[in-house]
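Asker: First, the structure itself, so that you have it in front of you.
The values are calculated or read from the model by the stated rules, or taken from the named source; none is laboratory data. Just so you know, these numbers come straight off a predicted model, no measurement behind them. For neighbour counting, all protein chains shown are included, and Cβ atoms are generated from backbone atoms with ideal geometry for every residue, glycine included. Accessible surface areas use protein heavy atoms only, side chains included; no ligands, DNA or RNA. Shrake-Rupley method; radii C 1.70, N 1.55, O 1.52, S 1.80 Å.
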Amino acid sequence: MTTLSPHRRSTPAPPRTSPVHAYTVVGGPEGGGVLGILTGARADADVAAHAGRLAARTGRKVTAAVAFRSRGFSVNALLHIARHRRLTHQAEAVLAPHTESLAAAGHYRNASVLFPARTNLFHRLPARALARFAARIGATTVITSVPLHPPGQYFARVHDASRATSRTADPSGPLTPRR
């Protein structure tokens with residue numbers, strides 16, 4: 001049996017917010033695509049929604065990349081094929097709940113990005129590896145729930161969309177660099 005005290009007021013819990021970070025590639029071409037990095041965390045829903053809205057509003061292509069840690073390649077071809085299949089299935093499982101948010105921008109493409117084994121995907125992402133990946137797929141804007149380290153040489157922080165949730169209308173704001 002639960003007893004409620006008349007002296008305690010129950011305050012409503014604040015809405016769930018996840019930090020969403022937006023970056024632009026330094027020295028990249030204008031008008032490139034939008035890259036959303038999904039790590040398998042709860043904040044992936046906010047990242048996918050933000051990337052989908054941004055791409056729909058600007059008319060650019062959106063790419064959803066699922067981040068994995070890599071231990072390097074195998075010399076054995078069969079192990080390499082098995083690893084590729086395993087990563088493909090895991091990427092599809094991470095991407096499946098977010099297809100509606102990404103489809104808001106029209107057609108989207110998916111990819112997998114491999115980071116070094118020592119990378120903690122839930123703490124910070126290496127900016128150098130992500131800059132190479134963004135250049136390879138032609139993305140100029142990167143949306144992620146994990147901050148990049150060090151961002152200054154490769155990326156410019158666009159804005160802090162930390163109040164972005166999947167329940168808000170459009171918190172993305174203008175795409176101007178934060179000073």
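Asker: May I ask you to list the residues in segment 18-50 that are within 9 Å of the chain's Cα centre (by Cα) and of a type in the set (D, E, K, R)?
Answerer: Residues satisfying the conditions are Asp44, Asp46.
Asker: Of the residues that sit in segment 99-135 and are surrounded by 20 or more Cβ atoms within 10 Å (Cβ to Cβ) and closer than 20 Å to Thr58 by Cα, which one is modelled with the highest pLDDT?
Answerer: The qualifying residue modelled with the highest pLDDT is Ala134.
Asker: Can you find, within segment 18-38, the residue that is modelled with the highest pLDDT among those that are open to solvent by 80 Å² or more (accessible area, probe 1.4 Å) and touching a Ser or Thr at 6+ places or on another chain (Cβ under 8 Å)? Give the derivation first.
Answerer: Step one: of segment 18-38, the residues open to solvent by 80 Å² or more (accessible area, probe 1.4 Å) are 27, 29-30.
The next check asks that each one be touching a Ser or Thr at 6+ places or on another chain (Cβ under 8 Å); those that pass are 29-30.
Numbers: Pro29: 75, Glu30: 79.
Selected residue: Glu30.
Asker: Within segment 39-76, restricting attention to residues that are of a type in the set (D, E, K, R) and out of contact with any Phe, Trp or Tyr (no Cβ under 7 Å at 6 or more places or on another chain), which residue is surrounded by the most Cβ atoms within 10 Å (Cβ to Cβ)?
Answerer: Narrowing segment 39-76 to residues of a type in the set (D, E, K, R): 42, 44, 46, 53, 57, 60-61, 69, 71.
Of the ones still in play, those that are also out of contact with any Phe, Trp or Tyr (no Cβ under 7 Å at 6 or more places or on another chain) are 42, 44, 46, 53, 57, 60-61, 71.
Working: Arg42: 10, Asp44: 23, Asp46: 28, Arg53: 22, Arg57: 14, Arg60: 18, Lys61: 18, Arg71: 9.
In this case the residue turns out to be Asp46.
Asker: Which of (1) open to solvent by 50 Å² or more (accessible area, probe 1.4 Å); (2) within 21 Å of Pro126 (Cα to Cα); (3) assigned to a helix (DSSP H, G or I) is the odd one out, the single condition Leu79 does not satisfy?
Answerer: Leu79 satisfies every listed condition except (2).
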